[in-house]
Amino acid sequence: MDRRVIVEKPRSHDCLLQGAIMLNKGLIASTLILFLLGSRAMADGNKQPFAGPIIDAHVHYSQTSWGEYPIRKVMEKFDKGGVEKALVSSTPDDGTLGLHRHSADRIIKFLRPYRTRSDMANWYGDKDVLEYVQARLAANDYSGFGEFHMYDPLAVTTPEMKILLELATKKGLILHSHSGADVIEALAKAAPGLTILWAHAGLSSPPVEIAEIFKKFPQVYADMSFRGGDVLDAKGIKADWLELFESYPERIMLGSDTYIPEQWSDYQGIIDRHRRWLGHLPLPLAEMIASGNALKMLKR
Ligand SMILES: [Zn+2]
């Protein structure tokens, strides 16, 4: 649209001219907005999704998924998603053991303390759960304990928990905890020798709170399951998340949290969404979050 064409119109058409200029200004403004939006969309579009290998640090293969997603289908999903390894825990643990029997190189076993979902409520104060955990730990080698749910720091102090933390320390298990920052702090203080993987990075904890925990406790890592949607806005990576990633590049990893069959049916979508926000980071940082940090954590 060329403004000169309109201002050269005869004076007798002043009114028309005025209207045309206003219309023209409006068009210029909207063209400019469209151009800016277009270039932003193009800038986002040019950020190629991260294409490298992934370690999924938050997988469950629980009984409710076994029928619809037999082991072969799970492995196909990992293959398609470029997921080389997975940290797996399940309700009950047999799901994890089954996957591991099929693919020992790919599956890293974590022991979840739930025989059924009803154990979730009070597992840390339940003698039967303690027995189940002790028997499993005696029979198999695990890299971690969890994912477990804990919402009250006092839960860390039960007699059963004391035994569990001693066992975990003896075996060097990573604690995978779904909890708020207060419980992470209580766990880190109760078992200072243990590595902790903070599930969902606190689920709703803002980046500044995650950074505080990282600063206080160098043994704490976090997985980004259910957090991928928090990272981007229309302009790209949000400033507070970018600051977290850049300040603690070695502490964050990816996760899908396949706790129900619906998460398995959306598995490729979950991985693709992680790849999208990773694509906005410098490649070396994206590679650390995608796989390097999980490997390092496992070697601690
Ligand atoms: Zn969780």
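General observations
- For the stretch 51-299, the square roots a ≥ b ≥ c of the C-alpha gyration tensor eigenvalues yield an a/c of 1.5 or more together with a/b not exceeding b/c, which makes the shape oblate.
- Taking amide hydrogens as placed 1.01 Å from N in the peptide plane, the amide H of residue 258 sits under 5 Å from those of 60, each at least 5 positions away in sequence or on another chain.
- Shape category assigned to the stretch 66-111 from the gyration tensor of Cα positions, a/c cut at 1.5: oblate
- Tensor-based shape of the stretch 139-203 (alpha-carbon gyration tensor, a/c under 1.5 rounded, otherwise prolate or oblate): oblate
- Cβ-based net charge around residue 171, under 13 Å, with every Lys or Arg adding one and every Asp or Glu removing one: +1
- For the stretch 120-255, the calculated P(r), taken from all Cα-Cα distances in 5 Å bins from zero up to the bin holding the longest distance, is 2, 10, 20, 23, 17, 12, 7, 5, 2, 1, 0 percent.
- Scalar couplings 3J(HN,Hα) for the stretch 146-156, obtained by applying the Karplus form with A = 6.51, B = -1.76, C = 1.60 to θ = phi - 60°, are x, 5, 10, 10, 8, 10, 10, x, 5, 4, 5 Hz; x denotes Gly and Pro.
- Eligible lysines near residue 73 by straight Cα distance, threshold 21 Å, same-chain separation 8 or greater: 85, 109
- In Hz, Karplus ³J(HN,Hα) per residue of the stretch 224-241 (6.51, -1.76, 1.60; θ = phi - 60°; x = Gly, Pro): 9, 4, 6, 10, x, x, 7, 7, 9, 10, 4, 8, x, 5, 5, 4, 5, 6
- Burial order of peptide ranges 156-162, 56-62 (average beta-carbon count within 10 Å, highest first): 56-62, 156-162
- Amide H contacts for residue 197 (H built 1.01 Å from N in the peptide plane; partners 5 or more residues away or on another chain; cut-off under 5 Å): 175, 176, 177, 221.
- Alpha-carbon Rg with Dmax, taken over the stretch 253-300, Å: 12.2, 33
- Per residue, the convex hull spanned by the Cα atoms of the stretch 98-172 measures out at 96 cubic angstrom.
- Extension gain for residue 157-residue 208 works out to 15.6 nm (0.36 nm per residue, less the C-alpha to C-alpha distance).
We did not get these values from a lab; they are worked out from the coordinates using the rules stated. Source: prediction; values computed, not measured. All Cβ positions, even for glycine, are placed from backbone atoms using ideal geometry, and neighbour counts span all protein chains on display.
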